[in-house]
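Written out below as structure tokens is the structure these notes cover.
The values are calculated or read from the model by the stated rules, or taken from the named source; none is laboratory data. The shown structure was predicted, so the numbers you read here are calculated from the model rather than taken from an experiment. In this analysis, Cβ positions are derived from the backbone assuming ideal geometry, glycine residues included, and neighbour counts consider all displayed protein chains. The protein model used for the area step is the full one, side chains on, heavy atoms only, and it has no ligands, DNA or RNA in it. Shrake-Rupley method; radii C 1.70, N 1.55, O 1.52, S 1.80 Å.
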Amino acid sequence: DNLRRSQERVQELAENYEQEKIRAEEANRSKSEFLANMSHELRTPLNAINGFSEIMSGEMFGPLGPERYKDYVQDILSSGQHLLSLINDTLDMSKTEAGKMQLQPEPVDPAQLLEQCVRIMRARAEEKDIDLTVEGEALPSIEADPRAIKQVLLNLMSNAVKFTPEGGKVAVRTFDAADGVVIQVADTGIGIAEDDLQRVGRPFEQIENQHSKVHQGSGLG
């Protein structure tokens, strides 16, 4: 009798678990679809705000008047661009979770991609007097989605520059491995504590410390 009751209890728990799992997966899918739709709806007016404020900032149709107006327009533009980048990050994350992120692999020259990323990050590194270098072997052509690889590299390099104090170093290193290529971004910044490594890969997760509190971000890099 005890054995039979135990088996019935185990079966009941298994059925409850399956139902809860299905409910959780449906809720997660709904959340991802909601985020994707909301991100799309928000981007449309934001593009107009950014576009018109850029025109006003450049005084395309004549001077704005008092200098303070130009400062305000520049603030609107920079705030709009920051908000748009957060929305784009959220959209990419929700697309990935919903299984709708389509990669377009093609032959890619890693050196060319690296050069583009370094050129984008160079000015930001120079502002903080950070030595940004590329080291390592020449890499062969690979099959990959260039936009996705570029985004990964820019996220890593951007964080390296952001969290490295003035006068530090950021090195991008390349290795030709047996089963592909390795691109490594190393820096002399604050690093991540070993206990936080498990958390940092979760969406919207940010590791709080005195240095990171002064930097904006979504935790989606």
- Query: Tell me, what % of the accessible area of the chain is carbon and sulfur with a 1.4 angstrom probe?
  - Reply: 52 percent
- Go through segment 32-110 and name the chymotrypsin sites (Phe, Trp or Tyr not before Pro) that are in a DSSP coil and have 10 or fewer other Cβ atoms within 10 Å of their Cβ. F61
- List the residues whose amide H sits under 5 Å from the amide H of V134, counting only those 5 or more places along or on another chain, with H placed 1.01 Å from N in the peptide plane. V172
- Taking every pair of alpha-carbon atoms in segment 7-106, give the share separated by more than 16 Å as a whole percent. 70 percent
- Note on the structure: Candidates A24, A160, A178; GNM for the chain (alpha-carbon contacts under 10 Å) flags as most fluctuating A178
- Message: Show me, bin by bin at 10 Å from 0, the whole-percent P(r) of segment 1-50 based on Cα pairs.
- Response: 22, 22, 18, 15, 11, 7, 4, 0
- Residue by residue, what Karplus-based ³J(HN,Hα) values in Hz, rounded to whole numbers, does segment 27-39 have, using 6.51, -1.76 and 1.60 with θ = phi - 60° and x for Gly and Pro? 5, 5, 5, 4, 4, 5, 5, 4, 4, 5, 5, 5, 4
- Query: Under 14 Å Cα-Cα from K162, which aspartates and glutamates qualify once same-chain neighbours fewer than 8 residues away are excluded?
  - Reply: E126, E127, D129, D131, D187
- Item | In Hz, Karplus ³J(HN,Hα) per residue of segment 117-134 (6.51, -1.76, 1.60; θ = phi - 60°; x = Gly, Pro) | 5, 4, 4, 5, 8, 4, 4, 5, 5, 5, 4, 9, 6, 9, 7, 9, 10, 10
- Return one whole number: the accessible area per residue of the chain in Å², for a 1.4 Å probe. 69 Å²
- Query: For the chain, what is Rg from Cα atoms divided by 2.2 N^0.38 Å, rounded to two decimals?
  - Reply: 1.37
- Query: Which value, to two decimals, describes the C-alpha radius of gyration of segment 22-76 once divided by 2.2 N^0.38 Å?
  - Reply: 1.88
- Item | Pairwise centroid distance, computed over Cα atoms, of segment 36-76 with segment 82-147, Å | 26 Å
- Degrees separating the helix 146-162 axis from the principal Cα axis of the chain, which is the longest one: 70 degrees
- Task: Using the Karplus curve 6.51 cos²θ - 1.76 cosθ + 1.60 with θ = phi - 60°, work out ³J(HN,Hα) for each residue of segment 188-195 in order, rounded to whole Hz, and write x for Gly and Pro.
- Result: 9, x, 6, x, 10, 4, 4, 5
- Task: Compute the Rg/Rh shape ratio of segment 79-185: radius of gyration over Kirkwood radius, all on alpha-carbon atoms.
- Result: 1.00
